[in-house]
Amino acid sequence: VVDSLDPARIDPQRWLADHPQLVWLSMTPFGRTGPYAGRPATDFTIQAESGCIAARGLPEAPPVGIGGRTAFWVAGVFAGVAALAATRRAGETGVGEQIDFSVMETLTLASSVYADMMHSLAGRPELDPVGRAVEIPSIEPTLDGWVGFNTNSREQYQSFLLLIERPDLLDDEHFANIGGRWARRNEWNAIVRAYTTQHTTAEIVEKAALLRIPVAPVNDGKSVLEHEHFRARGVFERNPRGGFQQPRPPYKLDGGRGKPPEPAPRPGEHTGSIEARERPAPSRPDGPARLPLDGMRVLDATAWWAGPSSTQMLATLGAEVIHLEAIQRPDGGRMVGGMFSKQSEWWERSSLFLGSNFNKKGLTLDLSRPRGIEVLKQLIEHCDVVVENFSPRVFDGFGLTREEIARINPRALFVRMPAFGLDGPWRDNVGFAQTMEQMTGLAWLTGYPEDQPRIQRGPCDPIAGMHAAFATLVALAERDATGTGHFLECTMVEGALNAASEQLLEFSAYGHVMQREGNRAPYAAPQGLYACPGTERWLALSVETDAHWQGLRAALGDPGWARDPALQTHAGRRAAHDAIDTELSAWAAERELEQAVELLIRHGVPAAQVRDGRLGSQHPQHAARGFYELFRHPVAGEHPAPGPPFRFASRKSWLRLPAPTLGQHSREILRDVVGLDDAAIDALEADEIIGNQLKGV
């Protein structure tokens, strides 16, 4: 059972008491417990409370939220994983579950990029109240539109300098540093745009791709439907009820897709035709509520965030996950620790790595050597799932193809998470979350209209990760039925495309290209940020319904301007948004932020503080629900880490192991899983096929 009702309206426990095999998922803005439970909320106010808004935008302008209701798209796929995993366990053991799901926790996890942990790792220094910034280089103007880049590594940055024909800057260490570029951003932007504005988007994309720079055109709801890669892969399909175009699910099982979409039901269409089903007897009843994936072993050959977030979810749900790196080529996510480069073993101090790899074990193997590949194949014999998210040429180059994995272990699931898919003209292009936001239209809807498109900063990684986790659970159910392994292609950009689908549906159905509106939205009026007394004290307010509007009028004391009959409809309020903002800005300027929020909430109006994501673990709702759990790492020390955005009634905590140090469990895994003796393991270490210290640092 899935509900999205106010927690006060329904109590799942009364049903679970009579139906112990039942899985009940409650999806609410803040969860069923804690001081914020039951608060009125919209996507925008949830963004504000989660810390998502505060970090985005130019310092000289108010912060800006993400466009397109991304919070709910991300929440949906996280919730799908939680429900499917619990249902799998219920079918096996007869033990049901109550799942308490929080949209706010989803967005805290998906958009903060572990800002709170980074602040903790830095020793909790005093914060600049203006904590927002934009990435440079990122989205840049071209001769005929916009193009998006990201340079997550030094190599990509140096290639970018070659692209813009400024090799003279290769030795400029100030610009090579993100902070240095930001400090001289006007100078930097002038350098970059002197090149980009003289070339078309297509020319720049072609040249950047050849240099292995993550790049994409910045598409809108119209151009995304016309993109060559999407058309070549046939990712759009016609909605069976509305006739408009929509993206297909972002994964394929054994090279094919699931059944075609069926029409959305009309009200009461199936009344009287839904038949009772006999509930199958549990195949392995075992009493206590073990974790859903207990007994599964996963080889995690992923890096950065999308892949690790997927395997971390599998680990959190009970699987034994072995995270694979090499001392010659570590997980790129470790490089975020470079900000602590003056400390020992700085690669163990990356908030991104620590946050997305807890509950895993760490193994190093040099796959550029035949012996490393040989040992890896021996390990695969003992795994249920193999996951990788490199560009397709990497695993193909290792000879680890779909056919080879099936030969080694016919029961193994092989999950590939390429950025753009295993075919199509962009197959071998590299891409990160920023690239997906730029290419699918998510960035197009984010930012002020007078400024430029801005990336959403983060959610596309966990979106891809949770789609892959969901697909893995589907494939495990297929394996249960057939006894054989399966092959999954889970494409990152198509996961983002599903989250961006509102605007491509809008264009496909009505010919309307949605535009970015800053903090406004087509489905809410008024909606925006209003400054309260003090520095960076922003009130987030969002009125989506007539009831919200009546509540706002009451909270304001029903002033004369608000009684205008034209404002009693959403269309009227949209038309008068500027005038309403003037009145609300004057009202907010005279009220303390906390008092204004509480007053509006009491009157049923979605309102929130714009919280700083660097202090996420101190949020009263997170603290009450135990969303952050403390971990103790042998190098990094003790810090808070966000868990999954849901609670199982059967679990008090999720964090069992801190993220592994480099190669921490190599000897244990090779001895206990692969079956090598100490002499063989010593030889691997002597040859630097395994190890626990980075090479070349």
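Name the single residue that is surrounded by the fewest Cβ atoms within 10 Å (Cβ to Cβ) among those in segment 174-199 being farther than 29 Å from GLY337 by Cα and aliphatic (A, V, I, L, M). Break it down stepwise before answering.
Applying the first criterion (farther than 29 Å from GLY337 by Cα) to segment 174-199 yields 190, 193-199.
Pick out the ones that are also aliphatic (A, V, I, L, M) and you get 190, 194.
Details: ALA190: 10, ALA194: 12.
That would be ALA190.
Of the residues that make up segment 439-458, is at least one closer than 30 Å to ARG520 by Cβ, open to solvent by 20 Å² or more (accessible area, probe 1.4 Å), in contact (Cβ under 8 Å) with a residue 24 or more places away in the chain and among the acidic types (Asp, Glu)? The answer is yes, given that some residue of segment 439-458 is closer than 30 Å to ARG520 by Cβ, open to solvent by 20 Å² or more (accessible area, probe 1.4 Å), in contact (Cβ under 8 Å) with a residue 24 or more places away in the chain and among the acidic types (Asp, Glu). Out of segment 36-91, which residues are among the aromatic types (Phe, Trp, Tyr), within 16 Å of the chain's Cα centre (by Cα) and at pLDDT 95 or above? Result: PHE78, single match.
With respect to the conditions (1) touching an Asp or Glu at 6+ places or on another chain (Cβ under 8 Å); (2) under 18 Å from PHE72 (Cα atoms), SER501 falls short on a single one, namely (1).
Report, by residue number, each residue of segment 657-667 that is open to solvent by 60 Å² or more (accessible area, probe 1.4 Å) and either at pLDDT below 95 or not in a loop (DSSP other than H, G, I, E, B) (or both).
Passing the criteria: only ARG667.
Please go through segment 484-531 and pick out each residue that is small (Gly, Ala, Ser), more than 24 Å from the chain's Cα centre (by Cα) and farther than 30 Å from ASP581 by Cα. The answer is GLY485, SER508, ALA509. Looking at segment 602-620, can you tell me whether even one residue there is part of a loop (DSSP other than H, G, I, E, B), modelled with pLDDT of 95 or more and closer than 29 Å to VAL375 by Cβ? No, the conditions are met nowhere in segment 602-620. Whether any residue in segment 512-526 is touching a strand residue (DSSP E or B) at 6+ places or on another chain (Cβ under 9 Å) and of a type in the set (Phe, Trp, Tyr) is what I want to check. The answer is no, given that none of the residues of segment 512-526 is touching a strand residue (DSSP E or B) at 6+ places or on another chain (Cβ under 9 Å) and of a type in the set (Phe, Trp, Tyr).
Applying the set (1) touching a residue at least 12 places away in the same chain (Cβ under 8 Å); (2) in contact with a His (Cβ under 7 Å, 6 or more places away or on another chain) to PRO217 leaves exactly one unmet item: (2). Applying the set (1) of a type outside the set (D, E, K, R); (2) open to solvent by 50 Å² or more (accessible area, probe 1.4 Å); (3) modelled with pLDDT of 95 or more to THR302 leaves exactly one unmet item: (2). Of everything in segment 138-159 that is over 14 Å from PHE432 (Cβ atoms) and without any contact (Cβ under 8 Å) to a residue 24 or more places away in the chain, the residue that is surrounded by the most Cβ atoms within 10 Å (Cβ to Cβ) is GLN158.
Condition check ((1) modelled with pLDDT of 95 or more; (2) open to solvent by less than 30 Å² (accessible area, probe 1.4 Å); (3) under 27 Å from the mean Cα position of the chain (by Cα)) across all residues:
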position: LYS377; (1), (2), (3): yes, no, no
position: VAL387; (1), (2), (3): yes, yes, yes
position: PHE390; (1), (2), (3): no, no, yes
position: GLY397; (1), (2), (3): no, no, no
position: LEU400; (1), (2), (3): no, yes, no
position: ASN409; (1), (2), (3): yes, yes, no
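Tell me, please, whether a residue that is open to solvent by 50 Å² or more (accessible area, probe 1.4 Å) and touching a residue at least 12 places away in the same chain (Cβ under 8 Å) can be found in segment 124-131. Checked against the condition, which is being open to solvent by 50 Å² or more (accessible area, probe 1.4 Å) and touching a residue at least 12 places away in the same chain (Cβ under 8 Å), segment 124-131 yields at least one hit. The set of residues from segment 473-520 being among the small types (Gly, Ala, Ser), open to solvent by 20 Å² or more (accessible area, probe 1.4 Å) and assigned to a helix (DSSP H, G or I) comprises ALA477, ALA481, SER508, ALA509.
Does HIS603 satisfy the condition of being open to solvent by 10 Å² or more (accessible area, probe 1.4 Å) and in contact (Cβ under 8 Å) with a residue 60 or more places away in the chain?
Details: open to solvent by 10 Å² or more (accessible area, probe 1.4 Å): yes; in contact (Cβ under 8 Å) with a residue 60 or more places away in the chain: no.
No: the conditions fail for HIS603.
Exactly one residue out of GLU536, GLU592, GLU544 is open to solvent by 50 Å² or more (accessible area, probe 1.4 Å), in contact (Cβ under 8 Å) with a residue 60 or more places away in the chain and touching a Cys at 6+ places or on another chain (Cβ under 9 Å), and it is GLU592.
Give segment 429-472 a look and list any residue that's part of a helix (DSSP H, G or I), over 20 Å from GLU206 (Cα atoms) and of a type in the set (Val, Ile, Thr), or say none. Quick ask: steps written out before the conclusion?
Step one: list which residues in segment 429-472 are part of a helix (DSSP H, G or I), which gives 433-440, 443-445, 460-472.
From the residues that got through so far, the ones that are over 20 Å from GLU206 (Cα atoms) too are 443-445, 460-472.
Scanning segment 429-472 gives ILE463, THR472.
If the condition is being of a type outside the set (A, V, I, L, M, F, W, C) and either open to solvent by 10 Å² or more (accessible area, probe 1.4 Å) or at pLDDT 95 or above (or both), then segment 419-436 contributes ASP423, GLY424, PRO425, ARG427, ASP428, ASN429, GLY431, GLN434. Screening segment 309-428 for strands (runs of 3 or more DSSP E) wholly inside it with 1 or more residues that are of a type in the set (Asp, Glu) and touching a strand residue (DSSP E or B) at 6+ places or on another chain (Cβ under 9 Å) returns the ranges 320-325, 385-388.
I'd like to check something: does segment 234-244 contain any residue that is of a type outside the set (Ser, Thr, Tyr), touching a Gly at 6+ places or on another chain (Cβ under 9 Å) and buried (at least 18 other Cβ atoms within 10 Å of the Cβ)?
Filtering segment 234-244 for residues of a type outside the set (Ser, Thr, Tyr) gives 234-244.
If we keep only those that are touching a Gly at 6+ places or on another chain (Cβ under 9 Å) too, we end up with 235.
Subsequent filtering for residues that are buried (at least 18 other Cβ atoms within 10 Å of the Cβ) retains 235.
Looking for residues that are of a type outside the set (Ser, Thr, Tyr), touching a Gly at 6+ places or on another chain (Cβ under 9 Å) and buried (at least 18 other Cβ atoms within 10 Å of the Cβ), one finds at least one in segment 234-244, hence yes.
Within segment 554-576, being surrounded by fewer than 17 Cβ atoms within 10 Å (Cβ to Cβ) and in a helix (DSSP H, G or I) holds for ALA554, GLY560, TRP561, ARG563, PRO565, ALA566, GLN568, ALA571, GLY572, ALA575. Listed by first and then second residue, the pairs with beta-carbon distance under 7 Å, at least 6 apart or on different chains, first residue in segment 370-389 and touching a residue at least 40 places away in the same chain (Cβ under 8 Å) and closer than 27 Å to MET492 by Cα, second among the β-branched types (Val, Ile, Thr) and open to solvent by 10 Å² or more (accessible area, probe 1.4 Å), are LEU379/VAL673; LEU379/VAL674; ILE380/ILE408.
Among the candidates VAL77, VAL64, the residue that is part of a helix (DSSP H, G or I) and open to solvent by less than 50 Å² (accessible area, probe 1.4 Å) is uniquely VAL77. It is to be established whether one or more residues within segment 642-650 are under 28 Å from VAL130 (Cα atoms) and either outside any loop (DSSP other than H, G, I, E, B) or among the hydrophobic types (A, V, I, L, M, F, W, C) (or both). So far as segment 642-650 goes, yes, one or more of its residues are under 28 Å from VAL130 (Cα atoms) and either outside any loop (DSSP other than H, G, I, E, B) or among the hydrophobic types (A, V, I, L, M, F, W, C) (or both).
Selection of first residues in segment 477-496 that are under 22 Å from ILE463 (Cβ atoms) and acidic (Asp, Glu) and of second residues that are open to solvent by less than 20 Å² (accessible area, probe 1.4 Å) and assigned to a strand (DSSP E or B), restricted to Cβ pairs under 7 Å at least 6 apart or on distinct chains, gives the following pairs, ordered by first then second residue: GLU489/ARG416; GLU494/PRO247.
If you take the residues in segment 94-108 that are in contact with a Phe, Trp or Tyr (Cβ under 9 Å, 6 or more places away or on another chain), open to solvent by less than 20 Å² (accessible area, probe 1.4 Å) and not β-branched (Val, Ile, Thr), which one is farthest from GLN312 (Cα to Cα)? Out of the qualifying residues, it is GLY96. All of (1) free of Cβ contacts under 8 Å to residues at least 12 places away in the same chain; (2) surrounded by 14 or more Cβ atoms within 10 Å (Cβ to Cβ); (3) not aromatic (Phe, Trp, Tyr) hold for GLY613 with one exception: (1).
The values are calculated or read from the model by the stated rules, or taken from the named source; none is laboratory data. No experiment lies behind these values; they were computed from the predicted model shown. Neighbour counts run over all protein chains shown; Cβ positions are idealised from the backbone, glycine included. Each accessible area value is taken on the protein alone, full model and side chains, heavy atoms only, with ligands, DNA and RNA left out. Shrake-Rupley method; radii C 1.70, N 1.55, O 1.52, S 1.80 Å.
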